[in-house]
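Notes for the one structure printed next.
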Amino acid sequence: MKAIKLASVFAVSAVAAAVSTTTIAAEAVFSGEAGIEYTSYSNDGNGDLVDGTDIGEVELSVDTGVVYAEIEIATSGEDEGTTVGMEKLYVKQGAVSFGRFDGSVSTGSFMGMDEIYSGVDLNTGQGTKGDTDNTGVRYTVTPELTVALEATEASGSEDSQVGFALSYVQDFGGFKAGLSGGSIDDANAVNVGVQTTAGPATLSLNYGVGETGTGTTTDVEQMTASVAIAATEALTLTVEYSQDLESANEPDGTYFVGEYAAGDLTYYVKNYSGDLVGDTDERTIVGVSATF
């Protein structure tokens, strides 16, 4: 059965809800980051780069209590200009929210750093269908449990497809565990995450499995582990290790970041390495930035 195109329905519903509800004055909130960094690539084919635009971004968010909107303005390099994108735009009515979200409920159990992998995702295509546009309806059953309907974008003559996703995360005090996943058309995803704290260290472990595509599907299986250490109030060290368990030879990758906060500035060093990163993208970055 062909699914309805939810994007149009939600857009009309959002307008109707906004019109039928008393307008609440809300001030726009700006936030962002600016700075400069130096990138050194391991591969000689890439020239080292000094850049002050790639890390720069500004976000504008507005929350009226009924409608939440978030717009991101980011630079993509001196030669590529500035991009403006609608990250979120949804209506809130009690435990129900509907419209456009940033991310899928299917990865709600992912914990820790997500620079390389962020779980098998019904939205981004890291694990599943890969053509949802973040449009959906979410219902918060309890603070731990969220269920949702999520929709894909229409493609050519192909109608939008509607699927189901859920996320359950329970905090046991010093230890958290969660299960999330979903299904849209022929695609599906299941993610499991656990996290514990031991002194200044926070350890996270995530496992995701699913199928991507329509008709003929492709299996996906991923594992990610991360450790974050608050060495001092100013110094934090975090490392993520990820592995593709489905591909031949099970390629892996590592991401490391060390940050030192001094007043309004944050000094940092980052390193990307491994097969998942790729020879041309293995790099080390040093920089300084400020957030506002």
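The values are calculated or read from the model by the stated rules, or taken from the named source; none is laboratory data. Worth saying up front: this structure is predicted, and the values here are computed from it rather than measured. As a convention, Cβ positions derive from the backbone with ideal geometry for all residues, glycine included, and neighbour counts pool all protein chains shown. Protein only, heavy atoms only, side chains kept; ligands, DNA and RNA dropped before computing areas. Shrake-Rupley method; radii C 1.70, N 1.55, O 1.52, S 1.80 Å.
Going by the structure shown, is residue 173 surrounded by fewer than 16 Cβ atoms within 10 Å (Cβ to Cβ), in a loop (DSSP other than H, G, I, E, B), on the phi > 0 side of the Ramachandran plot and out of contact with any helix residue (DSSP H, G or I) (no Cβ under 6 Å at 6 or more places or on another chain)? When the stated conditions are applied, residue 173 passes them.
Checked against the criterion of being more than 18 Å from residue 208 (Cα to Cα) and either touching an Asp or Glu at 6+ places or on another chain (Cβ under 7 Å) or at pLDDT below 95 (or both), the candidates 260, 268 yield just one match: 268.
Residues of the range 146-162 that are under 18 Å from residue 96 (Cβ atoms) and not hydrophobic (A, V, I, L, M, F, W, C): 146, 150. Among the residues of the range 42-66, those that are under 28 Å from residue 277 (Cβ atoms) and in contact (Cβ under 8 Å) with a residue 40 or more places away in the chain comprise 42, 43, 45, 46, 55. Can you tell me how many residues within the range 215-241 are open to solvent by 50 Å² or more (accessible area, probe 1.4 Å) and in a loop (DSSP other than H, G, I, E, B)? Residues that pass the stated criteria total 5. Scanning the range 252-283 for residues that are of a type in the set (A, V, I, L, M), surrounded by fewer than 17 Cβ atoms within 10 Å (Cβ to Cβ) and either touching a Ser or Thr at 6+ places or on another chain (Cβ under 6 Å) or over 23 Å from residue 203 (Cα atoms) (or both) gives 262, 265.
With a requirement of 1 or more residues that are modelled with pLDDT under 90, the strands (runs of 3 or more DSSP E) lying completely within the range 63-127 that satisfy it span 67-75, 82-93. Of all residue pairs spaced 6 or more apart or on separate chains, those with beta-carbon atoms under 8 Å, a first member in the range 275-292 that is touching a residue at least 40 places away in the same chain (Cβ under 8 Å) and farther than 16 Å from residue 239 by Cα and a second member that is in a loop (DSSP other than H, G, I, E, B) and charged (D, E, K, R) are 290/264.
Screening the candidates 158, 115, 87, 144 for the property of being within 17 Å of residue 223 (Cβ to Cβ) and not polar (S, T, N, Q) yields one hit, 115. Note on the range 156-170: residues that are free of Cβ contacts under 8 Å to residues at least 40 places away in the same chain and open to solvent by 70 Å² or more (accessible area, probe 1.4 Å) total 4. Within the range 87-107, the set of residues being of a type in the set (Phe, Trp, Tyr), open to solvent by less than 40 Å² (accessible area, probe 1.4 Å) and in contact (Cβ under 8 Å) with a residue 40 or more places away in the chain comprises 98 only.
Within the range 242-251, the residues that satisfy the criterion of being surrounded by fewer than 18 Cβ atoms within 10 Å (Cβ to Cβ) and either of a type outside the set (A, V, I, L, M) or under 21 Å from residue 229 (Cβ atoms) (or both) are 246, 247, 249, 250, 251.
Residue by residue through the range 108-136, note down the ones that are open to solvent by 10 Å² or more (accessible area, probe 1.4 Å) and over 20 Å from residue 239 (Cα atoms). 108, 123, 124, 125, 126, 129, 130, 131, 132, 133, 134, 135 - these are the residues of the range 108-136 that are open to solvent by 10 Å² or more (accessible area, probe 1.4 Å) and over 20 Å from residue 239 (Cα atoms). Looking at the range 47-60, can you tell me whether even one residue there is surrounded by 14 or more Cβ atoms within 10 Å (Cβ to Cβ), of a type in the set (Gly, Ala, Ser) and closer than 28 Å to residue 259 by Cα? Yes, the range 47-60 contains at least one residue that is surrounded by 14 or more Cβ atoms within 10 Å (Cβ to Cβ), of a type in the set (Gly, Ala, Ser) and closer than 28 Å to residue 259 by Cα.
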